[in-house]
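Let me begin by handing over the structure; questions about it come next.
The values are calculated or read from the model by the stated rules, or taken from the named source; none is laboratory data. All values derive from a computational prediction rather than experimental measurement. Ideal geometry is used to build each Cβ from the backbone, glycine not excepted, and the neighbour counts take in all protein chains shown. Accessible surface areas use protein heavy atoms only, side chains included; no ligands, DNA or RNA. Shrake-Rupley method; radii C 1.70, N 1.55, O 1.52, S 1.80 Å.
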Amino acid sequence: MVKRIGMRRLAAFAAAAALVLGLVGCGGAQSTAQGNTEPVNLSVWTYYNGDQLESFNKLVDTFNNTVGKEKNITVESYSQGSVNDLETQVMVAAQGKVGASAMPNIFMAYADTAYAMDQMGELADLAPYFTDEERAAYVDSYLTEGDFDDSGSIKIFPVAKSTELLFLNDTDWKLFAAATGARYSDLETVEGLVKTAEAYYNWTDAQTDTPNDGKALFGRDAMANYMLIGAKELGETIFDVKDGKMTMGMSEDVARKLWDNYYVPYIKGWAAASGHFRSDDIKIGSILAYIGSNSSATYFPTQVMLSDTESHDIELKVLPTPHFEGCEKVSVQQGAGMAVAKTTDAEVEASVVFLKWFTQPENNIAFAVGSGYLPVTHAANDMDAIHSSGLALTDNMKNVLMEAVDAVNTNELYTTKAFEGGTDARSKLNYSMSDLATADRATVEERLAAGESAEEAEAEFLTDEYFEAWYQSLCDALSQYEG
């Protein structure tokens, strides 16, 4: 039964909607709010695809036929493909290279890309277009992500956010649980997840006469998130940024904790990563669970395809992402925002009109329900409000949003601040441990096939010296990005 929203909550929701819908913050936005005598055409570049792109375009059409028509503003949406494709196209446009498209009015950007564009003088500061009351309607950390100089500026405007959850092939999990007594609660901590992964590997290994052919339980979509959030829970900040300058901070003890709970399980076959995304690995049955963005829920497969002739249906179970034992829970804050190019006053003002409209609670909820992303205002980031929107929710989407909303509202949110070279530094963090684990596991499998025992095959990679060599190489790689 859908829970009815209380009168106090309904009043707050309505007030927030009115605030966010208000088309004038102060100053230069007055002319747009009163209607343009000349039409303004806005281009928006995104990396949305599939359901996310469809949901976004539906809202663009609604804007054009309502507020846009009233204000003489027309928005045109263009998907640039992947995140990397979008970043490349925006940078090429900003640099005015031969053959490049014209700079869009609005484009999706992560903090590091937006920071680089801001250093080039390409971004408009949207802060003057918002009153204090309007700013207060948004989750504060979402707005401060685009305040590069701590002056209260808004260089990235949040329109949809995400955090990480644990996605589980519940159908096959139940077989394992029935046989071994495994429980969902075993997956609440990182340590519990690893211990359960060992039990799953041993259980699947015992299903055949072939030794050492057990299956992995889990994988991770974003290793950088594991490193950054894990370190934060363990009391350290890997990228400590002040005034755009980064100082690296990750002790050997924290690095070892991260190593022991991903690299070691991977070497032993308890964790895995083979497809482009872990949802691909779920689909072929190589893992049962993965930790990834709540927005990835729309890609979770409905079947496991073991071969061209063997497949079975599966159901999704959504669980909170595991946290380190005994630590305050930290959840990643992620998802690109919208940056507005520094063009004419009329175009910047019109861009603000569209962005405020898009994040009006009822519209932002509509996008969240269709895409799996999270709304960005306090009023909309609430399951009562989402239920009361009247929008149809699948059971899977309801569970995804419920877990994600709870994580955002109850855990500390964390994302790294932007700094020069931040994208490359994060990439090194993302691949340093995972690439080594993949290569070393392949060597272990070759040795197992040649007749070595698991202990013999793995021994080289489980020494203190091997860990210390990796740790030092990572520190050396990241130090080049320090300011």
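To the nearest 10 degrees, how steeply does helix 464-479 sit against the main Cα axis of the chain, on a 0 to 90 scale?
20
How are the alpha carbon pair distances in segment 46-123 distributed across 5 Å bins from zero to the largest one, expressed in percent?
Values per bin, smallest distances first: 3, 14, 21, 20, 18, 15, 8, 1.
Oh, and also: Taking the Cα centre of the chain as the origin and placing charges on Cβ (Lys, Arg +1; Asp, Glu -1), which of Ala216, Val75, Pro104 is farthest toward the positive end of the dipole?
Checked the options; the winner is Val75.
Next question, about the same structure. In what order, largest first, do Thr438, Thr309, Thr163 sit by accessible area if the probe radius is 1.4 Å?
Details: Thr438 65, Thr309 135, Thr163 0 Å².
Sorted descending by solvent-accessible area, the residues read Thr309, Thr438, Thr163.
Another question about this same structure. Would you be so kind as to identify which of Phe419, Asn409, Leu234 lies farthest towards the positive end of the dipole of the chain, taking Lys and Arg as +1 and Asp and Glu as -1 on Cβ and the Cα centre as origin?
Asn409
Quick one: which of 294-300, 168-174 comes out on top by average Cβ neighbours within 10 Å, and what's the full order, highest first? Provide the component values of the computation, followed by the final result.
Numbers: 294-300: 22.9, 168-174: 19.3.
My ranking of the peptides, most packed first, is 294-300, 168-174.
Using a 1.4 Å probe, what is the accessible area per residue for segment 219-369, in Å²? Don't skip to the answer; put the middle values down first.
Details: 5410 Å² over 151 residues.
For segment 219-369, the solvent-accessible area averages 36 Å² per residue.
Would you list, by chain and number, the lysines whose Cα falls below 28 Å from the Cα of Lys232, excluding same-chain residues fewer than 8 positions away?
Lys155, Lys161, Lys195, Lys242, Lys245, Lys257, Lys268, Lys317, Lys329, Lys417, Lys428
Something else: Take every Cα pair under 8 Å in segment 67-168 that's 6+ residues apart, average their separations, divide by the length, and report that relative contact order as a whole percent. All intermediate terms of the calculation are to be shown ahead of the outcome.
Working: 66 pairs, mean separation 18.0, N = 102.
Value for segment 67-168: 18 percent.
Additional query: Can you tell me the accessible area per residue over segment 65-200, all protein chains present, probe 1.4 angstrom, in square angstrom? Don't skip to the answer; put the middle values down first.
On the way: 5690 Å² over 136 residues.
Counting only protein heavy atoms, the per-residue value for segment 65-200 is 42 Å².
Could you tell me the accessible area of Thr463 in Å² (1.4 Å probe, neighbours in place), rounded to the nearest ten?
50
Give me the distance between the Cα centres of segment 149-201 and segment 86-114, rounded to whole Å.
Answer, in whole Å: 34.
Stokes-Einstein at 37 °C, 0.692 mPa s, Kirkwood radius from Cα pairs: D for the chain in µm² s⁻¹?
On the way: Rh = 24.0 Å.
Estimated via Stokes-Einstein, D reaches 137 µm²/s.
Rg (Å, one decimal) plus Dmax (Å, integer) for the alpha carbons of segment 96-200?
Values for segment 96-200 (Cα only, Rg and Dmax): 22.4, 63 Å.
With every protein chain left in place, what is the accessible area of Arg426 in Å² (1.4 Å probe, nearest 10)?
Rounded to the nearest 10, the figure is 80 Å².
Once the Cα atoms of helix 361-371 and of the chain are each reduced to a long axis, what angle between those two axes, in degrees from 0 to 90 to the nearest 10, is obtained?
Tilt relative to the chain: about 40 degrees.
Tell me, what is the percent relative contact order of the chain, built from C-alpha pairs under 8 Å that lie six or more residues apart? List each step's numbers first, then the result.
Details: 834 pairs, mean separation 115.4, N = 483.
Reported as a whole number, the value is 24 percent.
If you don't mind, there's one more thing I want to ask. Can you send over the solvent-accessible area of Ser351, 1.4 Å probe, protein chains only, in Å² to the nearest 10?
Rounded to the nearest 10, the figure is 0 Å².
Taking loop as defined by DSSP and a crowding limit of 15 other beta carbons within 10 Å, which GluC sites (Glu not before Pro) in segment 436-483 fit?
Numbers: sites: Glu445, Glu446, Glu452, Glu455, Glu456, Glu458, Glu460, Glu465, Glu468, Glu482; in loops: Glu452.
Sparse-neighbourhood loop GluC sites (Glu not before Pro): Glu452.
With a 1.4 Å probe and all protein chains left in place, how much of the accessible area of segment 138-282 comes from carbon and sulfur atoms, in whole percent?
Details: 2580 of 5450 Å².
Carbon and sulfur: 47 percent of the exposed surface of segment 138-282.
Okay, moving on. In the chain, if the dipole is taken from +1 on Lys/Arg beta carbons and -1 on Asp/Glu beta carbons about the Cα centre, which of Val264, Thr438, Ala392 is farthest to the positive end?
Of the candidates, Ala392 comes out farthest on the positive side.
How big is the charge dipole of the chain about its Cα centre, in debye rounded to the nearest 20, if each Lys and Arg gets +1 on its Cβ and each Asp and Glu gets -1 on its Cβ?
Details: 34 positive and 72 negative charges, 367 e Å.
Dipole magnitude for the chain comes out near 1760 debye.
Based only on the alpha carbon positions, what is the Kirkwood hydrodynamic radius of segment 294-411, in angstrom?
16.8
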